[in-house]
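Each remark here refers to the structure printed beneath this line.
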Amino acid sequence: MSGIVDCFVQHAWASETELYDYLPDGWREYMMVHISPAWRAHLAADGPRPTEPLVGPLSVSRAYRNPYGDHLPDSRGGTDPEVVVERHLDRLGIDRALLCPSDAMLVASIPTVRLAVQVTRAVNDWTIDRWLRAEPRLSASLLVPTQAPQQAAEEIRRLGGHDQITGVIMGAGGLAKPFGHPVYSPIHEAAHETGLPIVLVAGGDGSNDAGAPAIAGGPAATYAEHRTLAHQSLQSHVASLITQGVMSRLPDLRFLVLGGGAAWVTPWLWRLDTNHRSFRYDALWLGNRLPSEVFREHFMVGTHPFGLAAPPDRLRAYLGLDPGLQDVLCYASGYPDWDSSDPDVVVGALPKGWGPKVKGDNAKHFLRLHDRALRSLSSTEVSG
Amino acid sequence: MKRNRIYDVDVHNTWASAAELVDYLPARWHDYFQGTGAVRSFATPMPTYSRPGGITDRLDAVPGPGLAPGSSYDLMREQLLDRYDIDRVLLTFSGKSEPGHPNSDLAIDVCRAANDWMADRWLDGRDERLYGLAMVPTGAPVAAAEEIRRVAPNPRVAGVALGANALGRLGHLAYEPIYDAATEVGLPVVCHVGVDLSMLGYGYAAGLPTSRAEQFALLDQGPVHHIVDMIVGGVFERHPTLRLLFNECGFSWIPSVLWTLDEHYSILKAEKPELKRLPSEYFHDQVWVSSQPFDSEAPAGKTLELLETFTGIEDKICFSSDYPHHDSESPAQVAGRLPREWRERVLAGNAARVLGWPTEAEAGAVPLAAERSGG
């Protein structure tokens, strides 16, 4: 085994109709009512496939796209398990990859709350059925409707015990509040109870209807700008979770932070610590601990996107400013994003000696792979 | 004996009460602001985060019962100008949201009044060390441009305050008349943290923070976006002589954000074909930031190590005391953290470039305060 764990692979459906079969009676009909007559006829009677693209309740529009393409050219956008396995897992010798549904991140922007609840259930069942069954090296995080915290908690309890489920995604703030807000307590508690880390992913907050801006100061003009500042919503959620004392109440709760890269972390924690010293009366439950200490104990940060136009020696010095970062970072390819990074590229840019931890050891420890999903891994080895 | 010149680019002055400003407003506003007896605040609503002591300022900077810190020249002179022997300060008003008032007629007139008040009360020659900003109604850019042209002849007006994110991010084309006018009169634009706070919900990514510490740790988000957006929006490409000073937004974000932005340059060129240079080149040539706040919880020496990873950053940071805020700093505190060869630039040289003030070389040796007394 290579020891490589990839904390961030994004899977997607080729068409949202893949999900319709996973919806309960009534909701499948709801979807059929809300697509064009030509597509309805096609899906119901096996008629000719319409030439126009299907536009349904789950068709998301993204304001920010890479003009040269969002995905690696030969990736099929992460819609095919075989492609992910062959061109990513096998090619790089990855032991374990964590899936995060890319388009489904926008579920917080579905304003019909009951539909959002059903869709997250369907996405999770589809993920298990189409992806996790197909490949034991894959595990996935559960998608939950953050706009309906109680129902989100139910979903965590419904599927949290599955061997290949290794996290709970809080992608977009469905209630336009940062994630330490007590309105989200049912989600925190269910994750704590099932022992699953919560996965914070940048990108979801970019949806139009979720109510919270993805970055401060107004909507970005360009994709380049939007992506450069993708870490801002993550910062807000992290600050909120720490200063609101969520981990003081739920001491075993852990978080995996994805999609904002790693470069924002160190200087921003200095800033958070400094302000906590000045205004600690709002967070007395932290006692003598600084926010950065809570962060190191409870958070992991994925490396994607890793692209930084810095001279290698400068970048290495920068990342090495806080030696504690080597215990916090975990390799995250972001596959099939256009700028997905191979493990050797990431490790090559890091300070000397950080490689093994970042490539896999940190993630294995954090995800408790040894006592959870590793069972299915070892059974593969025996059979293989 | 020679010492370094010291320019302080962020000193907050204010009116003792809104009543001071009413005299400077056209008569048609007098009833509006005083109709109920007490004078209304001009400020727009913003979320309130409790602060120790009830104010965001140094408790020793309160001039007297009920008086706002920064409203007394005498106290400012004692606590800042004389105590630290500062050569020039830039008066930047104090957390004013008026320029972004949703009633733009009101915003226009309040800005004019504030500029007249500044000229009368602070820039009247009582102290040769005082320079100030002009406040403009950012939500009414054409009127703002007129105001810039009106106040620019006063040699003590040293910059144009972009006081509020009234129309969204500051790289938006809507603000173009302001940048045109500032370029034409040769004044820098000066922005300050808090620029986004009068627009509920846009000040922070992902929603309103739930505590003061959280809010302060996220305060740089809007400013960082504005700087990025002014670069991306082509403001500096179209106005190659325009200078931006962004106060109190910190500087530790500079390496990671600019490296990431530069990494997206080929994409950016497809989205904004007018951009001819790397984002970091515009930053190096046309953007400056203030020295405060400093993240004092960083392990000793680490902030300097961070700065040294980004080539040329020593030319970008301008000393600011941020007087009278609770975390204000002295020149010695700031200089003490920096390598000796950076000090002249951070204490005065960089401010000289962005504000058009004389450099050490141009000004010659500065006499000590004792030699200057009586002058």
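If you go through region A:25-43 one residue at a time, how many are more than 14 Å from A:S15 (Cβ to Cβ) and in a loop (DSSP other than H, G, I, E, B)?
Total meeting the criteria: 3.
If B:Y179 passes every condition in (1) open to solvent by 20 Å² or more (accessible area, probe 1.4 Å); (2) part of a helix (DSSP H, G or I); (3) of a type outside the set (A, V, I, L, M, F, W, C) but one, which one does it miss?
Going through the list (1) open to solvent by 20 Å² or more (accessible area, probe 1.4 Å); (2) part of a helix (DSSP H, G or I); (3) of a type outside the set (A, V, I, L, M, F, W, C), B:Y179 breaks only (1).
If you take the residues in region B:145-162 that are away from chain A (no Cβ under 14 Å) and under 17 Å from the mean Cα position of the chain (by Cα), which one is nearest to B:V224 (Cα to Cα)? Before you say what the answer is, go through the steps one by one.
Of the residues in region B:145-162, the ones away from chain A (no Cβ under 14 Å) are B:145-161.
Adding the requirement that they be under 17 Å from the mean Cα position of the chain (by Cα) leaves B:148, B:156-161.
Details: B:I148: 25, B:R156: 28, B:V157: 26, B:A158: 23, B:G159: 20, B:V160: 19, B:A161: 17 Å.
Checked region B:145-162; the qualifying residue nearest to B:V224 (Cα to Cα) is B:A161.
Could you look through region B:295-324, keep only residues that are of a type outside the set (A, V, I, L, M), facing chain A (nearest Cβ under 7 Å) and part of a helix (DSSP H, G or I), and pick out the one that is surrounded by the most Cβ atoms within 10 Å (Cβ to Cβ)? Spell out how you get there, then give the answer.
Initially, region B:295-324 is screened for residues of a type outside the set (A, V, I, L, M), giving B:295-297, B:299, B:301-303, B:305, B:308-312, B:314-316, B:318-324.
Subset that is facing chain A (nearest Cβ under 7 Å): B:295-297, B:302, B:305, B:309.
The next check asks that each one be part of a helix (DSSP H, G or I); those that pass are B:302, B:305.
Values: B:K302: 16, B:E305: 14.
Filtering region B:295-324 for residues that are of a type outside the set (A, V, I, L, M), facing chain A (nearest Cβ under 7 Å) and part of a helix (DSSP H, G or I), the one surrounded by the most Cβ atoms within 10 Å (Cβ to Cβ) comes out as B:K302.
One line per residue, one yes/no per condition, for (1) aromatic (F, W, Y); (2) on the phi > 0 side of the Ramachandran plot; (3) out of contact with any strand residue (DSSP E or B) (no Cβ under 8 Å at 6 or more places or on another chain); (4) assigned to a helix (DSSP H, G or I):
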residue	(1), (2), (3), (4)
A:L196	no, no, no, no
A:G217	no, yes, yes, no
A:A221	no, no, yes, no
A:S236	no, no, yes, yes
A:V257	no, no, no, no
A:W268	yes, no, yes, yes
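Please go through region A:299-337 and give me each residue that is open to solvent by 10 Å² or more (accessible area, probe 1.4 Å), over 14 Å from A:A262 (Cα atoms) and within 17 Å of the chain's Cα centre (by Cα), ordered by number.
A:D337
Show the residue pairs that are 6+ apart or on different chains and have beta-carbon atoms under 7 Å apart, the first residue being within region B:114-131 and within 22 Å of B:S97 (Cα to Cα), the second being surrounded by fewer than 21 Cβ atoms within 10 Å (Cβ to Cβ) and among the acidic types (D, E).
Qualifying pairs under 7 Å: B:W117/B:E20.
Report, by residue number, each residue of region A:224-268 that is more than 29 Å from B:L307 (Cβ to Cβ), under 20 Å from the mean Cα position of the chain (by Cα) and within 9 Å of chain B (Cβ to nearest Cβ).
Residues satisfying the conditions do not exist here.
Please go through region B:210-219 and pick out each residue that is facing chain A (nearest Cβ under 7 Å) and open to solvent by 10 Å² or more (accessible area, probe 1.4 Å). Spell out the reasoning first.
At the first step, the residues of region B:210-219 found to be facing chain A (nearest Cβ under 7 Å) are B:210-214, B:216-218.
Once the filter is applied, which keeps residues that are facing chain A (nearest Cβ under 7 Å) and open to solvent by 10 Å² or more (accessible area, probe 1.4 Å), region B:210-219 yields B:T210, B:R212, B:F216.
Do we have A:S141 as assigned to a helix (DSSP H, G or I) and either open to solvent by 20 Å² or more (accessible area, probe 1.4 Å) or polar (S, T, N, Q) (or both) here? Even if it seems obvious, please write down each step before you answer.
Details: assigned to a helix (DSSP H, G or I): no; either open to solvent by 20 Å² or more (accessible area, probe 1.4 Å) or polar (S, T, N, Q) (or both): yes.
For A:S141, the condition - assigned to a helix (DSSP H, G or I) and either open to solvent by 20 Å² or more (accessible area, probe 1.4 Å) or polar (S, T, N, Q) (or both) - is not met.
What's the total number of residues in region B:220-261 that are within 22 Å of B:N350 (Cβ to Cβ) and either assigned to a helix (DSSP H, G or I) or more than 7 Å from every other protein chain (Cβ to nearest Cβ) (or both)? Please lay out each step first, then the result.
Filtering region B:220-261 for residues within 22 Å of B:N350 (Cβ to Cβ) gives B:220, B:223-224, B:226-228, B:230-231, B:235-236, B:239-259, B:261.
Keeping just the survivors that are either assigned to a helix (DSSP H, G or I) or more than 7 Å from every other protein chain (Cβ to nearest Cβ) (or both) gives B:220, B:223-224, B:226-228, B:230-231, B:235-236, B:239-249, B:251, B:254-259, B:261.
The total comes to 29.
Of all residues in region A:284-338, count the ones that are part of a strand (DSSP E or B) and touching a Ser or Thr at 6+ places or on another chain (Cβ under 8 Å). Walk me through it before giving the result.
Within region A:284-338, the subset part of a strand (DSSP E or B) is A:299-302, A:329-330, A:337.
From the residues that got through so far, the ones that are touching a Ser or Thr at 6+ places or on another chain (Cβ under 8 Å) too are A:329-330.
Residues that pass the stated criteria total 2.
The values are calculated or read from the model by the stated rules, or taken from the named source; none is laboratory data. Everything quoted here is computed from the prediction, not taken from an experiment. We place every Cβ from the backbone using ideal geometry, glycine too, and count neighbours over all the protein chains shown. In case anyone asks, the SASA skips ligands and DNA or RNA and just uses the protein heavy atoms, side chains included. Shrake-Rupley method; radii C 1.70, N 1.55, O 1.52, S 1.80 Å.
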